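Working notes for the structure below.
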Amino acid sequence: MDMNQYLSMFIDESNDHLQSLNEKMLELETSPNDLSIVQVIFRSAHTLKGMAATMGYEDLASLTHQMENVLDLVRNEKLAMQDFIFDTLFKSLDALESMVEDITNGGTGKSDVSAIVTSLQAIVRGETLDQSSVELVGSTSNTVQSVQLDEYQYSVLDQSIAEGHRVLYLEVFIREDCQLKAVRAYMAFDLLEGHGEVIKSQPSVQDIEQEKFDRSFSLYYITQKSAEEIERMVLNLSEIDKASVIELDQESLKLMGDVNHSARDIAATVELKETPVIETVTLSTQTSVEPIKTVAKEATKIGNGTPSRTIRVDIERLDVLMNLFSELLIDRVRLEQLASEANNHELTETVEHVSRVSSDLQNIVLKLRMVPVDTVFNRFPRMIRDLAKSLDKKIDLVITGAETELDRTVIDEIGDPLVHLLRNAVDHGIEPISDRLAAGKAETGTVNLRAFHSGNHVFIEIEEDGRGIYRENVLKSAIKKGVVTVEQGAAMTDEEVYQLLFAAGFSTAEVISDVSGRGVGLDVVKSKITALGGNVTIHSIPGKGTNFSVQLPLTLSIISAMLVQLGSEKYAIPLTSIVETGIIKKNQIRTVHGNKMIEFRGSHIPLISLSKLFDITDFDESQEDETEIIVIRKGDRMAALTIEEFIGQNEIVLKSLGKYLPQIKGVSGATILGDGQVALIIDPNAFIK
């Protein structure tokens with residue numbers, strides 16, 4: 001059977017299951033005793049295993065099988081979930097995602113997952129391989145981290161033993177009162193490398209150099225010297241508390257590499273020269289091959305077991321459909337105009353019926369391309385969990401408005417900018433626990449991620465209750481990097497200063513970390529959002545928190561709009577931004593601090609003249625006793641636009657102004673009317689600050 005025809009379906013279904021597994025694992029972490037969640041996770045993992053085995057991806061199937069073994073013990077109440085089990089399962093999910101991504105990119109999906117499989121097998125056997133499981137021989141108080149060997153490192157050590165070299169396993173402890181741990185560790189490595197070769201250490205050499213270890217490290221070492229000589233040499237170094245050196249033969253090396261037993265177990269094995277019975281689990285799990293139709297049917301049952309009533313459609317087909325319908329809409333408007341001019345009753349009835357049918361079709365076509373932002377948001381809880389753990393912070397991510405829909409083309413592009421903004425919020429925004437407590441805040445920081453519609457745009461806001469942005473710190477760094485001069489900085493508003501954060505290479509971080517600090521990220525965010533036709537603003541209160549607000553166009557090809565006349569020009573205003581229309585008299589206009597205002601439902605709102613904004617010379621509303629207005633809204637703020645007259649409501653096709661025209665404030669695009677005229681589409685959000 002040719003499985004290539006099912007590859008696309010396998011990739012899509014696998015991604016769905018992996019997303020479901022990540023979400024349910026996060027739920028289980030907050031409620032570790034809820035077995036109903038474990039049942040859902042187990043079913044999803046079982047389905048993924050069956051699909052992978054059917055498609056011939058054995059590494060993926062075998063790793064999922066090992067996860068099943070752990071989950072089976074948990075759901076049968078034979079194993080209680082602990083932090084190290086969660087960490088191991090999350091690492092397994094990361095490995096599965098990498099394999100599926102490799103398959104998506106045309107790869108074979110193969111990966112060396114032996115280390116994760118070993119950890120999962122150890123959990124099933126009841127061993128606690130949680131970074132502190134390997135004990136020092138003869139000691140009950142000191143521990144070192146286990147050293148995982150990959151296939152290449154194991155073969156190097158095995159071949160060295162076969163060629164007559166000595167392979168040693170060292171565990172070294174530095175005194176607790178040592179002030180320069182990294183220096184002492186370097187001296188030990190320097191000494192060892194003078195008499196042999198270090199193959200693998202735990203922690204890594206880089207972590208040891210940066211003092212990212214407690215006070216102990218372990219390593220595999222090839223030399224010609226005896227274990228006693230090496231131990232004596234290491235102990236002669238100053239501030240070395242203890243050292244244990246074990247010489248390994250091929251049998252004990254296999255025991256060490258395969259199941260990662262404690263050093264005490266290895267020592268006993270070396271002393272007795274016996275190899276204990278080891279449970280072996282074949283990596284290529286034999287899974288019964290289910291018919292592909294059954295797998296596909298089962299794969300649609302995620303979480304609650306309800307079959308999915310959806311099908312997947314190539315996005316390019318939707319693009320073609322949207323373009324064809326856009327052209328149909330222009331012709332429909334033209335047809336309506338011609339029918340009204342012909343004054344033929346039967347023709348008018350037929351055109352009205354076509355209009356009703358095409359309106360229904362239009363709604364369906366528009367909804368086909370709309371996707372909830374939840375498809376992007378749902379990957380962030382896992383990311384925030386991992387970030388908080390790596391930074392030793394407590395973070396509560398609150399997501400609202402995930403059901404807000406956005407065009408698929410924007411959804412595909414907005415993920416990376418949001419990742420940068422969230423990482424920035426967690427790393428730079430939220431303070432360490434000690435700083436939060438000192439400032440009188442709760443030890444758990446809150447990051448709000450929300451989305452909402454406003455007019456023809458979607459707003460996505462990331463707000464945290466962290467340290468906030470201090471104007472002087474941003475200016476100091478910007479002046480130092482030559483982004484602005486001292487004089488320019490003094491004349492800038494707070495909003496303009498905050499925008500400096502988006503300058504290329506700009507960073508206020510004093511220390512470069514794995515999360516941020518290299519000046520890469522926010523400039524990418526700005527350029528990406530601008531390329532999508534949106535913008536991003538920052539509002540911050542020092543000591544209280546920061547809000548990043550991203551404004552994105554819906555980028556729909558078709559919108560409902562109110563057509564208005566200004567002199568000889570016609571404009572379209574999206575209906576979604578309009579609160580109401582009306583007429584005001586000249587004596588109702590007030591001037592407050594030089595700005596024109598009108599009273600509207602118990603409050604005063606700004607009055608904006610479109611003719612003055614767009615420099616329209618053949619219409620002057622100051623000569624009119626009464627003026628038509630359109631009240632527009634952005635969030636909870638409103639304003640009124642003055643116009644000459646209303647033309648009426650219509651469905652319009654949104655067309656971009658193109659790359660050759662400069663970005664015009666207040667204009668989001670253009671449309672072709674039924675009579676062939678071009679009307680500019682007004683962006684009401686640009687008028688409300």
Just the residues that are of a type outside the set (A, V, I, L, M, F, W, C), exposed (fewer than 15 other Cβ atoms within 10 Å of the Cβ) and either closer than 30 Å to Pro417 by Cβ or within 48 Å of the chain's Cα centre (by Cα) (or both), please, taken from segment 331-373. Asp331, Glu352, His353, Arg356, Ser359, Asp360, Asn363, Lys367
Is it the case that Ile222 is more than 35 Å from the chain's Cα centre (by Cα) and at pLDDT 90 or above? yes
What pairs can you find where one residue is in segment 356-372 and within 15 Å of Leu324 (Cα to Cα) and touching a residue at least 60 places away in the same chain (Cβ under 8 Å), the other is in a helix (DSSP H, G or I) and of a type in the set (D, E, K, R), and their Cβ atoms are less than 6 Å apart, with a gap of 6+ or different chains? Arg369/Arg408
Residues within segment 480-502 that are surrounded by fewer than 14 Cβ atoms within 10 Å (Cβ to Cβ) and in contact with a Leu (Cβ under 9 Å, 6 or more places away or on another chain), tallied: 2
Has segment 646-659 got at least one residue that is without any contact (Cβ under 8 Å) to a residue 40 or more places away in the chain and touching a helix residue (DSSP H, G or I) at 6+ places or on another chain (Cβ under 7 Å)? no
Can you tell me which of (1) at pLDDT 75 or above; (2) surrounded by fewer than 16 Cβ atoms within 10 Å (Cβ to Cβ); (3) at negative phi is the one Gly543 doesn't meet? (3)
So, in segment 380-410, of the ones that are acidic (Asp, Glu) and outside any loop (DSSP other than H, G, I, E, B), which residue ends up nearest to Leu366 (Cα to Cα)? Asp407
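Condition check ((1) farther than 25 Å from Leu500 by Cβ; (2) of a type in the set (Val, Ile, Thr); (3) buried (at least 18 other Cβ atoms within 10 Å of the Cβ); (4) at pLDDT 90 or above) across all residues:
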| site | (1), (2), (3), (4) |
| --- | --- |
| Glu431 | no, no, yes, yes |
| Thr444 | yes, yes, no, yes |
| Ala451 | yes, no, yes, yes |
| Ile462 | no, yes, yes, yes |
| Asp465 | no, no, yes, yes |
| Ala478 | no, no, yes, no |
Candidate set: segment 309-343, residues that are β-branched (Val, Ile, Thr) and in a helix (DSSP H, G or I); chosen: the one modelled with the lowest pLDDT: Ile315
Qualifying residue in segment 616-626 (condition: out of contact with any Asp or Glu (no Cβ under 6 Å at 6 or more places or on another chain) and part of a strand (DSSP E or B)): yes
Subset of segment 575-610 [touching a helix residue (DSSP H, G or I) at 6+ places or on another chain (Cβ under 7 Å) and either closer than 30 Å to Asp319 by Cβ or not assigned by TED's automatic domain parsing to the domain that holds Glu645 (or both)]: Ser577
Filter segment 189-210 for residues that are exposed (fewer than 13 other Cβ atoms within 10 Å of the Cβ) and assigned to a loop (DSSP other than H, G, I, E, B); which is modelled with the lowest pLDDT? Gln210
Inside segment 627-647, can you point out the residues that are over 43 Å from the mean Cα position of the chain (by Cα) and assigned to a strand (DSSP E or B)? Thr627, Glu628, Ile643, Glu645, Phe646, Ile647
Considering segment 389-415, residues that are touching a Leu at 6+ places or on another chain (Cβ under 7 Å) and either modelled with pLDDT under 85 or not hydrophobic (A, V, I, L, M, F, W, C) (or both), and then whichever is surrounded by the most Cβ atoms within 10 Å (Cβ to Cβ), we arrive at Leu406
Tabulated pairs, segment 612-636, first assigned by TED's automatic domain parsing to the domain that holds Glu580, second assigned to a loop (DSSP other than H, G, I, E, B) and of a type in the set (Asp, Glu), C-beta under 6 angstrom, 6+ apart or interchain: Phe619/Glu644
With Asp392, Asp396, Asp360, Asp386 as the choices, which residue is closer than 21 Å to Leu522 by Cα and not β-branched (Val, Ile, Thr)? Asp386
From the options Gly50, Gly106, residue that is surrounded by fewer than 16 Cβ atoms within 10 Å (Cβ to Cβ) and within 20 Å of Asp12 (Cβ to Cβ): Gly106
Checking Arg232 against (1) basic (Lys, Arg); (2) surrounded by 16 or more Cβ atoms within 10 Å (Cβ to Cβ); (3) part of a helix (DSSP H, G or I), only one condition comes out false. Which one? (2)
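The values are calculated or read from the model by the stated rules, or taken from the named source; none is laboratory data. Note that the structure is predicted; figures quoted are calculated from it, not measured. All Cβ positions, even for glycine, are placed from backbone atoms using ideal geometry, and neighbour counts span all protein chains on display.
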